[in-house]
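Written out below as structure tokens is the structure these notes cover.
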There are 4 protein chains.
Amino acid sequence: MRKIKTEISIPFHDVDAMGVVWHGRYVKYLEVVRCLLLESFDYGYVRMLDSGYAWPVVDMRIKYVKPLHMDQVISIEAEVVEWENRLKIRYLIRDKESGARVSKAYTVQMAIDMASEELCFESPPILLERLRLT
Amino acid sequence: MRKIKTEISIPFHDVDAMGVVWHGRYVKYLEVVRCLLLESFDYGYVRMLDSGYAWPVVDMRIKYVKPLHMDQVISIEAEVVEWENRLKIRYLIRDKESGARVSKAYTVQMAIDMASEELCFESPPILLERLRLT
Amino acid sequence: MRKIKTEISIPFHDVDAMGVVWHGRYVKYLEVVRCLLLESFDYGYVRMLDSGYAWPVVDMRIKYVKPLHMDQVISIEAEVVEWENRLKIRYLIRDKESGARVSKAYTVQMAIDMASEELCFESPPILLERLRLT
Amino acid sequence: MRKIKTEISIPFHDVDAMGVVWHGRYVKYLEVVRCLLLESFDYGYVRMLDSGYAWPVVDMRIKYVKPLHMDQVISIEAEVVEWENRLKIRYLIRDKESGARVSKAYTVQMAIDMASEELCFESPPILLERLRLT
């Protein structure tokens, strides 16, 4: 429940003039698997808004180990690794065929109370409920 | 007032694996100059929403005459060519240095009354006012 | 063989400030299904380059019938409708659930002989072979 | 020479469904200023390739302090902070009008010898020459 995996096939429009996926496009791949992860514990985008909180990304780091090419199929794993004060998710991208590690990343999201527009320095109870930690 | 021109420098991340700007990225260039054009007669994005109408693009055509490369500077001209029932804007992209025609395009936007969520088959008076046609 | 269909789930990052998919992002969806179509008759990107021809898009038109929203699943159909002098592909996007028509589009590609860098006003024989028209 | 600053106006298509710039689009802004910085000491994209080295981004971190909105003008500063073994550039994004800090980031690039396709664990002399450190 706190971990998920999906596969993505690299499209032509993600590849840059050097013949490899432009580093900025990885952010899309992270988001695709993050959305699936959040949906898996019923706290996807719509549910988040319904709960009165927005969860903007406040920190993101991506390490690029091997280049990605057109038509390559990658597997991406995402795992919730922190939730008490902020939602930290780690990602591991592998080449599907060889299993070779392609990229590691994390994102940190913090809750914003949409009524007061204030940043929450503790995660709102709804997140812990969804993660079945209460 | 119904015509405007701007310049854009092609960034690395718009270039694809063939070494030319990926055809889908031209849509961004059209939007940049369209926004400037709409602002020029005080009917930019915020004003549009304030006026109670959204103006989604309902039709777009782009002809690609010459490829675009990284660091190339283009000049884009946009002109309102229809306004009575819909907002049609024509675009001409040239290489800035040589003046050579690179691309021609048009977009068609129709007004949606945001209160009723209905499509307007005649442009709302606010557009004609902004264009000083009334 | 000259027609294919696929499904795409709309990601968060394709949705704009109006809450609908930004019109320029449809170009990505068209490309995903076009690449599958070309692969289906063994004339995908790598094969094209191997055959000595590049096939840039020279004309594209997209009509937007209904807006697309986050998490919506679309089905896209692509069909080769012209091949003699240029490669014209038509697209139809539907909402998967209701079957409602969301968008219609076409793209036109012309062959460029990569050795001479000249535009081919007749499609090279390799395309007709791949389409099994010879 | 090791520091540069530019301004970018946020376009509509960078704004997401929450009404703020999608976090992944910041990577484009970083690249625009990084390219200007590299050009400023005559080691831009074309020069890099001519020198026999590619310089892929191997690590990137972005911290998001305040949201960005449509039409907002940002100033971005980029500075080379490491060069001996890798090229590390730090970025600071501010709201142009208020000067408020919006985002901090860094990217790390490593040289790849394009002939041998090997990663260089020391920066090639050409970088230090360009930076006038030799």
| B:GLU82 label points, 7 Å along Cα→Cβ, one per copy: pairwise distances from this copy to the rest in nm, shortest first? | 2.1, 5.5, 5.7
| A:PHE121: net charge of surrounding residues, Cβ under 14 Å, Lys/Arg +1, Asp/Glu -1, itself excluded? | -4
| Between 0 and 90°, nearest 10: helix A:26-40 axis offset from chain A longest Cα axis | 50 degrees
| task | Place the label 7 angstrom along Cα→C-beta at D:ASP71 and in each other copy, then list the distances from the first to the rest in nm, shortest first. | result | 3.1, 3.5, 4.7
| said: Could you derive backbone 3J(HN,Hα) for the stretch D:44-50 from the dihedral phi with the Karplus parameters 6.51, -1.76 and 1.60 (θ = phi - 60°), listing whole Hz in sequence and x where the residue is Gly or Pro? | reply: x, 3, 5, 4, 4, 4, 4
| query | For all pairs of alpha-carbon atoms in the stretch B:3-129, what percent lies in each bin of width 5 Å, listed from the first bin to the last filled one? | reply | 2, 11, 20, 22, 16, 12, 9, 6, 2, 0
| remark: the stretch C:100-117 and the stretch B:68-134 have their Cα centres apart by a whole-number Å value of 23 Å
| query | Between D:ASP50 and the same site in the other copies, what are the distances in nm, shortest first, taking label points 7 Å from Cα along the C-beta direction? | reply | 3.6, 5.0, 5.9
| field | Check: the protein assembly as shown dipole with +1 on Lys, Arg Cβ and -1 on Asp, Glu Cβ, in debye | value | 0 debye
| Say the dipole of the stretch C:3-130 comes from +1 at the beta carbon of Lys and Arg and -1 at that of Asp and Glu; which of C:TYR45, C:LEU127, C:LEU87 then lies farthest toward its positive end? | C:LEU87
| field | Calculated from backbone phi, Karplus (6.51, -1.76, 1.60) coupling profile of the stretch D:97-105 in Hz, x at Gly/Pro | value | 5, 8, x, 4, 6, 10, 6, 10, 7
| Any idea what the dipole of the stretch A:78-134 comes to, in debye rounded to 20, about its Cα centre with Lys/Arg Cβ at +1 and Asp/Glu Cβ at -1? | 460 debye
| request: Please tell me which of these pairs span more than 22 angstrom C-alpha to C-alpha: A:LYS66/D:LYS104; C:LYS3/C:LYS63; B:LYS63/C:LYS66; B:LYS5/C:LYS28; A:LYS88/D:LYS3? | output: A:LYS66/D:LYS104; B:LYS63/C:LYS66; B:LYS5/C:LYS28; A:LYS88/D:LYS3
| task | Please list, in chain and number order, the residues 5+ apart from A:ASP59 or on another chain whose amide H is under 5 Å from its amide H, with Hs placed from the backbone. | result | A:VAL108, D:TYR64
| Loop-located GluC sites (Glu not before Pro) in the stretch C:31-114, at most 11 other Cβ atoms within 10 Å (DSSP) | C:GLU84, C:GLU97
| remark: Given backbone amide H placed at 1.01 Å from N, residues whose amide H is under 5 Å from that of D:GLU82, ignoring those fewer than 5 places away on the same chain, are D:LYS88
| request: Report the paramagnetic label zone for C:LYS104: residues of the stretch B:107-125 whose backbone N is under 12 Å from a point 7 Å from Cα along the Cα-to-Cβ axis. | output: none
| In the neighborhood of D:GLY44, defined by Cβ-to-Cβ distances under 13 Å, what is the net charge if each Lys or Arg adds +1 and each Asp or Glu adds -1? | -2
| message | Along the Cα→Cβ direction, 7 angstrom out, place labels at C:LEU119 and C:LEU36. What is the inter-label distance in nm? | response | 3.1 nm
| note | Per the rotation taking chain A to chain C, min distance Cβ-to-axis on chain A (residue, whole Å) equals A:LYS28, 5
| Charges only on Cβ, +1 for Lys and Arg, -1 for Asp and Glu: so what's the dipole of the stretch C:2-60 about the Cα centre, in debye to the nearest 20? | 160 debye
| note | Residues other than D:CYS35 with Cβ under 11 Å of its Cβ, Lys/Arg counted +1 and Asp/Glu -1, net out at -1
| note | Applied in sequence order to the stretch B:123-134, the curve 6.51 cos²θ - 1.76 cosθ + 1.60 (Karplus, θ = phi - 60°) yields integer Hz couplings, x standing for Gly and Pro, of 5, x, x, 4, 5, 5, 4, 4, 7, 6, 9, 10
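Bear in mind these aren't lab numbers, they're just calculated from the coordinates by the rules spelled out. Because the structure is predicted, anything quoted here is derived from the model rather than measured. Using ideal geometry, Cβ is built from the backbone for each residue, glycine included, and neighbour counts are taken over all protein chains shown.
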